[in-house]
Amino acid sequence: MASLVGAPLALVSTPAMATCTMAGSTSQTYTYTAANINSAAALPFANTWSCSNAGTKSNSAYVCYESIFDGTVANGSSTMAYTVGLNDTTNSITSMTSAHLYGSTSGSNSNVLTNPVGGTTKSLAPTITVTVPAGQATGLPVGTYSDNTIQFMFDEQGNSGACEGNFVSSTSNWDAINPVTYTANFVVPSVCTQVSTTTVNFGNIPASITVPGGGISATGAVAVQCNQGAPYTVYLGNGNNYTTTRRMKSGTNYLPYALYQDSAHTIAWNATNVGTVGGAGGVNGTGSGSNQTLTVYAWIPNGTAVPATTGTYTDTVVVTVNY
C-alpha cells in the first residue's frame, strides 16, 4: 500500500510593523551669498512621520533612529564635507554617524531614546539638519553641490531594550517600511572678495620742475580672491580731485597723475562701464580660488609742471570689483 508523506507545516509569527508615511520636504537648497560664503550652511528638514494601525509600537514611550549617508556633497570632482544632526524636541543628536543605530544599548548610545510624543499620539516630528561647516565654500568652483542619498528610518519601540538591529526594508520590525531619502543642495555662486591694496608711492619729487621725458613711474597692487571659474572685473575710480585727469593734492596745490593696466602706460585703468563684468575701463580676470594680485601702473606724464610748494601730495582711489 502506497503512502504519501507531506512536508511539515511551518507556523511562523510575523513581527508586527506599523504602516508609516512621511510628510514634509525631502529636497532643499542652500544658496551661498557674498555675505555668508564663509559661514556654516545649515539645511533643516522638518518632517512628520505618521503611523497607522501601529498597535502598541506607536504608543510606545521609546524610539530608535538609523542614519545612512556618505558625508560629502559633490559638484563634479569638487566636494564639501557635511555633518548631520537630529532633533525631535526630546532627543538632540548633534553629530550623527552613517549606518549607526541611535538608541542601541551598545557604544556611545547607552539607552533607547525617549519617544518625544510619549505614546499619546502616532506620529514623530524630527528635524534632520544637514550642515556644511564654515570655510569650505570659499574658492570652490561655481555650481551646485549635492547629495541625494541621505537616508533615515525610525522605529517606535515597545520597550526600553535594544533597537532591533540594522534596518532591512520590509523584513524587519522597523516601523519605517522604507527609508526616507533626502537630497541636500548647496549652491556656490560667483563671489569675489577684495583682499588688499598697496599704496602707490612716487617718492620724492623736486619742486618747481618740469617732469622730464619718460615721466615718473610707480606701481601699486590690488589683490582679490574669487571662486574658481568666476569671471570678474576690477575698476579704479577717478579719485577725490578729478577734473580732466586724476590729481594728487597738497593744501591748495595739485599734481596730476594717471593709472594704467600696463607698464607701457597705454591702456587706461578707470571706471568706464563700472557695474558690469568685462567693461572697457577695468582689468578682467577669472577666479582661481586663491588670491590674485593685479599690478597698478601709475605715471606722472613728462612735461608735467610740479608745483613750487613742497608737501605730501595724496589722493584716494576707490577700487570696485564686479563679478
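Accessible surface area normalised per residue over region 246-323 is 50 Å², counting heavy atoms of protein chains with a 1.4 Å rolling probe. Diffusion coefficient (Stokes-Einstein, Kirkwood radius over C-alpha pairs, 25 °C, 0.890 mPa s) for region 198-238: 176 µm²/s, rounded to a whole number. Extension gain for Val318-Ser263 works out to 17.7 nm (0.36 nm per residue, less the C-alpha to C-alpha distance). Peptides 199-206, 150-157, 132-139, 24-31, ordered by how many other C-beta atoms sit within 10 Å of their residues on average, highest first, read 150-157, 132-139, 24-31, 199-206.
The values are calculated or read from the model by the stated rules, or taken from the named source; none is laboratory data. Note that the structure is predicted; figures quoted are calculated from it, not measured. All Cβ positions, even for glycine, are placed from backbone atoms using ideal geometry, and neighbour counts span all protein chains on display. Each accessible area value is taken on the protein alone, full model and side chains, heavy atoms only, with ligands, DNA and RNA left out. Shrake-Rupley method; radii C 1.70, N 1.55, O 1.52, S 1.80 Å.
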